[in-house]
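Structure first, then comments.
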Amino acid sequence: MKKTQMKTGAAVLVMAILLLAGCATFKSDMKGKYSAPAEKNFGADGVSALFIFSHYRQTKGYDAIPKLDDRRQRIQGFDDFFQDALKEFSNIKTYATFTEYASDVNEPERRAIKDSLKSTHDFILDIRFMREKKFARQFLGQIFSVMSVTLLPIAYSQTYTVDVDIYNAQNQLIKSYSRQAALTKWVQTLLIFVYPFHPERRKKEEIYVDFLHNIFRQIESEKVLRN
């Protein structure tokens, strides 16, 4: 009876420590960042632009190919990030957006809508987001985290990339851009005191906001969207 109580107490202690495990997420510098002074495209004629978004994810070593996010899987608040980044442009008169989903392969109506939008705008910006993590590292990290009862700091990394291709009304590629950044989430019991200052959600949102603002600022400064 006494041994059973001791085992139960030990199990409760382990669960309590696991529940109290803290984490803190840190963002890397952006690769490919445009650092020149921003130049507004004032005086240019107004243009129409179509923004085509696709959000991919892949766990390397687990997923055979990148998978498209559905409506529930893409980052929450993305529409707000995009609307805020649109302020970088000065001569977009009208615009439309279209988000691609894997289910579009079975929905000819949505594919027709995208083709129709592409044929009625001056410029098409094909914007592809990708987030990647490594299965082996994630799996082993979880094992060590549990074995150490989260006393040892364990790092989980995820890489974020955005690629942008810009086409004119004749469907000719005129410019391409790319950015990359990474999030590293450290898990360790005492990091519970650091978490309020480095929450994962905020760091993830910052990456998307920085990506959009930086690329749109470069497009504007280079006066790409001009007829």
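The values are calculated or read from the model by the stated rules, or taken from the named source; none is laboratory data. Note that this is a predicted model, so its numbers are computed, not measured. Here Cβ is always computed from backbone atoms with ideal geometry, including for glycine, and neighbour counts include all displayed protein chains.
Residues checked against (1) small (Gly, Ala, Ser); (2) within 19 Å of TYR177 (Cβ to Cβ); (3) in contact with a helix residue (DSSP H, G or I) (Cβ under 7 Å, 6 or more places away or on another chain); (4) at pLDDT 95 or above:
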site	(1), (2), (3), (4)
SER54	yes, yes, no, yes
GLN76	no, no, no, no
LYS87	no, yes, no, yes
ALA96	yes, no, yes, yes
LYS114	no, no, no, yes
LEU117	no, no, no, yes
Practice item. Please give the number of the condition ASP70 fails out of (1) more than 30 Å from PRO153 (Cα to Cα); (2) surrounded by fewer than 16 Cβ atoms within 10 Å (Cβ to Cβ); (3) modelled with pLDDT of 95 or more. Key: (3)
Practice item. Can you tell me which residue within the stretch 22-52, out of those that are of a type in the set (Phe, Trp, Tyr) and within 27 Å of PRO199 (Cα to Cα), is modelled with the lowest pLDDT? Key: PHE26
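Which of the residues spanning the stretch 165-181 are buried (at least 18 other Cβ atoms within 10 Å of the Cβ) and in contact (Cβ under 8 Å) with a residue 60 or more places away in the chain?
TYR177, ARG179, GLN180, ALA181
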Review point. Within the stretch 164-175, can you find the residues that are more than 14 Å from ILE52 (Cα to Cα) and either touching a Ser or Thr at 6+ places or on another chain (Cβ under 7 Å) or in a strand (DSSP E or B) (or both)?
Key: LEU173, ILE174, LYS175
Review point. Residue check, ASN91 against (1) surrounded by fewer than 16 Cβ atoms within 10 Å (Cβ to Cβ); (2) touching a Gly at 6+ places or on another chain (Cβ under 7 Å), all met but one. Which one?
Key: (1)
Exercise for review: Out of LYS185, LYS204, report the one residue that is out of contact with any His (no Cβ under 8 Å at 6 or more places or on another chain), buried (at least 17 other Cβ atoms within 10 Å of the Cβ) and in a strand (DSSP E or B).
Suggested key: LYS185
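Residues checked against (1) in contact with a Phe, Trp or Tyr (Cβ under 9 Å, 6 or more places away or on another chain); (2) more than 16 Å from LEU212 (Cα to Cα); (3) crowded, with 17+ Cβ neighbours inside 10 Å:
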{"residue": "CYS23", "(1), (2), (3)": "yes, yes, yes"}
{"residue": "PHE26", "(1), (2), (3)": "yes, yes, no"}
{"residue": "ASP29", "(1), (2), (3)": "no, no, no"}
{"residue": "TYR34", "(1), (2), (3)": "yes, no, yes"}
{"residue": "ASN41", "(1), (2), (3)": "yes, yes, yes"}
{"residue": "LEU50", "(1), (2), (3)": "yes, no, yes"}
{"residue": "GLN58", "(1), (2), (3)": "no, yes, yes"}
{"residue": "GLY61", "(1), (2), (3)": "yes, yes, no"}
{"residue": "ILE65", "(1), (2), (3)": "no, yes, no"}
Exercise for review: Please work out if THR161 is touching a strand residue (DSSP E or B) at 6+ places or on another chain (Cβ under 7 Å), closer than 25 Å to ASP84 by Cβ and either part of a loop (DSSP other than H, G, I, E, B) or modelled with pLDDT of 95 or more (or both).
Suggested key: yes
Practice item. Please enumerate the residues belonging to the stretch 42-69 that are within 14 Å of the chain's Cα centre (by Cα) and charged (D, E, K, R). Key: ARG57, LYS67, ASP69
Check your understanding: Being within 22 Å of the chain's Cα centre (by Cα), under 26 Å from ALA181 (Cα atoms) and at pLDDT below 95, is that true of even one residue in the stretch 142-151?
Key -> no
